[in-house]
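Single-structure report; data block below.
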Amino acid sequence: MDNLCVLMVCPTSTYIEEELEKSFKLLKLWHFEDQNQFIKTHCNSIRAIVSSGKAGPDAELIESLPKLKIISNYGVGLDKVDLIKCKEKGVRVTNTPDVLTDDVADLAIGLILAVLRRICESDRYVRSGKWKKGDYKLTTKFTGKSVGIIGMGRIGTAIAKRAEAFSCNIRYHSRTEKPNLNYKYYPNVIELASNCQILVAACSLTEETRHIINREVIDALGENGVVINIGRGLLVDESELVSALVEGRLGGAGLDVFEHEPQVPEELFGLENVVLLPHVGTGTEETRKAMADLVIGNLKNHFNNKPLLTPAV
Ligand code: 8YV
């Protein structure tokens, strides 16, 4: 497989790079200033692409690579890959489900606790020496609250399981009702938001879910409500979220993802009821290694004519 060209469209992990370089000819797109020219030069040799939650091939790039056979994505979300084009061209696509579920669900709970119990603000309180001048203010209890989850797939279910351990009332919205779950189903997101205090975005980003948390949903959640986003920035109408927080129409937010990463609206920087993370839901040594092994394993299996480990298309 030594001469097989694999194109990596953005940095993922040095482990993936080192492992792929042992078996493939690895091309790192971000190393080249004139990327269009680079693609033109190598278009007839690129057989595979490694993408991630940060960047993936659009229809134009897929179209320009006649020998492309597989896209192996470092992450579960495939919104950066043009899946319609892949299906049209017979390009296989793999992602990294399951291995990352626990970490993302753990972080969702971490964000809820951080926002309600003001963990980050309290930490700043101690570090700045303010504690010596008086005790920290009271915060909000998590145990027993109602949690609304948008998207009851693997990650949504794992968040629900964790929130149950906090005696929370779980409600959810998803494309279809899951008959095997005992949580109340809301076909309408505004109604879900009206009936919960914490609203978690845990669905994949598609045309249907883009801005699924919009002004109406935020208003339904109200001034004591909290938005948690561990999915994709575009699930939330970010400018509406910012104005609701700035105007005090929403109680708080815990955000791991943003519309234009790594750009984060600066209006949020001064708000203590907001916790901001740099898209680290899957960012543990253990999980990133497991994700990387799937990326590599899928590519190797494909070129050895073995079944894909985690096919998506
Ligand atoms: C990213 C993710 O892929 O799983 C996903 O969909 O967003 C993440 O795991 C990871 O941050 C690498 O960019």
Long-range HN-HN contacts of residue 149 with modeled amide H, under 5 Å:
171, 172, 173, 200
Could you identify which residue out of 278, 179, 97 has the top mean-square fluctuation in a GNM of the chain using Cα springs shorter than 10 Å?
179
Cα Rg over Rh - region 101-276, Kirkwood
0.97
FRET efficiency for residue 246 and residue 127, Cβ-Cβ distance as r, R0 = 35 Å, nearest 0.05?
0.85
Of the listed peptides 22-33, 298-309, what is their order by residue-averaged count of other C-beta atoms within 10 Å, with the highest listed first?
298-309, 22-33
From phi via Karplus (6.51, -1.76, 1.60), per-residue ³J(HN,Hα) for region 50-57 in Hz, x at Gly/Pro
10, 10, 7, x, 7, 8, x, x
Write down the percent of antiparallel bridges among all DSSP beta bridges whose residues are both part of region 101-276, to the nearest 5.
5 percent
Assign unit charges at the C-beta atoms only (+1 for Lys and Arg, -1 for Asp and Glu), then state the dipole size of region 110-263 relative to its Cα centre in Debye, rounded to the nearest 20.
900 debye
Calculate one ³J(HN,Hα) per residue across region 241-247 by plugging θ = phi - 60° into the Karplus curve 6.51 cos²θ - 1.76 cosθ + 1.60, and present them in order as whole Hz with x for glycine and proline.
5, 4, 5, 5, 6, 5, 7
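Rounding to the nearest 20 debye, state how big the charge dipole of region 1-125 is about its Cα centre with +1 on each Lys and Arg Cβ and -1 on each Asp and Glu Cβ.
Magnitude of the dipole: close to 340 debye.
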Diffusion constant of the chain at 10 °C, which comes from Stokes-Einstein with the Kirkwood Cα-pair radius and 1.306 mPa s, µm²/s:
76 µm²/s
With charges set only on the Cβ (+1 for Lys and Arg, -1 for Asp and Glu), what does the dipole of the chain come to about its Cα centre, in debye to the nearest 20?
780 debye
For region 101-276, build the charge dipole from Cβ charges (+1 Lys, Arg; -1 Asp, Glu) around the Cα centre, then report which of 263, 129, 273 sits farthest towards its positive end.
129
Have a look at 188, 36, 273 and tell me which one the Gaussian network model of the chain (Cα, springs below 10 Å) gives the largest fluctuation.
36
What's the ranking of 126-134, 252-260 by average number of surrounding C-beta atoms within 10 Å, highest first?
252-260, 126-134
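FYI, it's all coordinate maths here, none of it is from the lab. Because the structure is a prediction, the values reported are computed rather than measured. Neighbour counts run over all protein chains shown; Cβ positions are idealised from the backbone, glycine included.
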